[in-house]
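What follows is a short report on a single structure.
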Amino acid sequence: MVIDFHTHTYPDKMAAATLAKLSGVSHLRPFTDGTAAGLAASMAQAGVDRSIVLPVATSPRQVPHINDAAAQLNRDWADAGLFSLGCIHPDYGDWRGELARVAGLGLKGIKLHPVYQGVSLDDPRYLRILDRAGDLGLIVVTHTGIDVGYPDLNFCAPETARRAVDQVGPVRLVLAHMGGWKQWDHVAELLSGTSVYLDTSFSTGTMDALDDGYYRPEDLALLSGADFLALVRAFGAGRLLFGTDSPWTGQAESIAWLRALPGLTAPEREAILGGNAASLLGLEPGQTA
């Protein structure tokens with residue numbers, strides 16, 4: 001089973017405008033049209049069995065609507081292997097009740113995005129959410145490191161993530177982008193001794209930039225194979241989850257990069273590509289729904 005633990009889709013009527021906006025601020029070329037159908041087509045082409053969609057609430061008022069839409073996506077796209085987590089915003093009033101509702105809707109967890117939500121990951125508003133999610137058995141996935149579209153904002157550096165982890169109870173926490181996008185030098189030292197998972201999304205190979213001259217060639221490089229393997233060895237292959245950040249990285253391309261990487265054993269590679277995610281999500285072997 002191949003599970004992409006980090007993907008994004010947008011409502012059909014908003015997808016084109018949303019991708020145009022995000023592409024404009026990031027200067028990157030998307031790999032799908034941003035719709036659920038586009039992601040399903042990518043999965044079929046790449047051999048991905050299941051994609052986890054991670055919605056983000058950029059304002060408190062969006063939270064219940066996004067969670068309702070996530071539950072609907074899970075009903076409508078289960079046969080295609082698309083399944084959404086829920087969301088929460090740190091300033092949402094009834095955050096305790098909404099997290100309980102997320103669990104009641106059958107959503108496996110929530111996505112946080114400190115940059116888009118304008119709050120540091122170690123802020124008490126997030127810490128209470130992490131504690132409550134842990135109590136409810138929800139997975140928490142959070143952006144970590146710099147955001148490519150907002151490089152001057154730094155709300156979730158590896159040291160910030162470590163301070164957050166040190167202040168909360170047990171929670172299944174996934175740090176996206178290998179623990180700190182473009183801040184990878186400090187990830188192993190600060191976080192390998194914790195229980196966090198890392199996802200591989202938007203962290204391997206090179207970025208696919210627009211032809212607008214915004215990036216220098218050296219800016220496009222992400223983790224090298226050697227640096228990626230060093231993080232695998234620091235954390236253990238059992239704590240890594242394959243992810244792409246689709247539509248911002250191609251699923252087929254990301255799988256090919258990982259399969260071609262020397263230095264991983266076959267069991268390690270298959271664990272990263274899907275076995276670890278299946279265990280975290282509570283799936284039986286071969287189960288895709």
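The values are calculated or read from the model by the stated rules, or taken from the named source; none is laboratory data. Keep in mind the model is a prediction, meaning the values are calculated, not measured. Neighbour counts are summed over all protein chains in view; Cβ atoms, including those assigned to glycine, are modelled from backbone coordinates with ideal geometry. For accessibility, only protein heavy atoms count, side chains too; no ligands or nucleic acids. Shrake-Rupley method; radii C 1.70, N 1.55, O 1.52, S 1.80 Å.
Run the helix sum for the chain: -39,500 (n - 2.57) per DSSP H stretch of 4+ residues, divided by residue count, reported at 222 nm to the nearest 500 deg cm²/dmol.
On the way: 12 runs with 114 residues, N = 289.
Calculated from helices alone, the mean residue ellipticity at 222 nm is -11500 deg cm²/dmol.
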So what is the diffusion coefficient of the stretch 112-219 in µm² per second by Stokes-Einstein at 4 °C and 1.567 mPa s, using a Kirkwood Rh over Cα pairs? 90
Heavy-atom accessible area ranking, 1.4 Å probe, most first, across 59, 195: 195, 59
Out of 85, 121, 220, any idea which swings most in a Gaussian network model of the chain, alpha carbons joined below 10 Å? 220
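With every protein chain left in place, what is the accessible area per residue of the chain in square angstrom, probe 1.4 Å?
Details: 11680 Å² over 289 residues.
Per residue, the chain has an accessible area of 40 Å².
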How far apart, in nanometres, would the label points at residue 192 and residue 25 be if each is projected 7 angstrom from Cα along the Cα-to-Cβ direction? 3.4
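How large is the Kirkwood hydrodynamic radius of the stretch 1-126, counting all unique pairs of alpha carbons, in Å? Intermediate results must be reported in sequence, preceding the final value.
Values: mean 1/r = 0.0654 Å⁻¹.
One over the average 1/r among Cα pairs gives 15.3 Å for the stretch 1-126.
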Positive-pole candidate from 137, 53, 112, dipole of the chain, charges at beta carbon: 137
extent check for the chain: Cα max minus min per principal axis, descending, whole Å, gives 46, 43, 42
For the stretch 224-273, what class follows from the C-alpha gyration tensor (a ≥ b ≥ c being the square roots of its eigenvalues): rounded when a/c is under 1.5, otherwise prolate if a/b is larger than b/c, else oblate? prolate
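Using a 1.4 Å probe and counting only protein heavy atoms, arrange 269, 128, 233 so the residue with the most accessible area comes first.
On the way: 269 35, 128 90, 233 125 Å².
Sorted by accessible area, descending: 233, 128, 269.
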Using 0.36 nm per residue of separation minus the Cα-Cα distance, give me the extension gain between residue 105 and residue 166 in nm, one decimal. 19.0 nm
Taking a straight Cα-to-Cα line shorter than 24 Å from residue 21, and setting aside same-chain lysines fewer than 8 residues away, one finds 13, 111, 182
Could you give each residue of the stretch 269-282 its phi-based ³J(HN,Hα) in whole Hz, using Karplus coefficients 6.51, -1.76, 1.60 with θ = phi - 60°, and x for Gly or Pro? 4, 6, 5, 5, 5, x, x, 5, 5, 4, 5, 4, 7, x
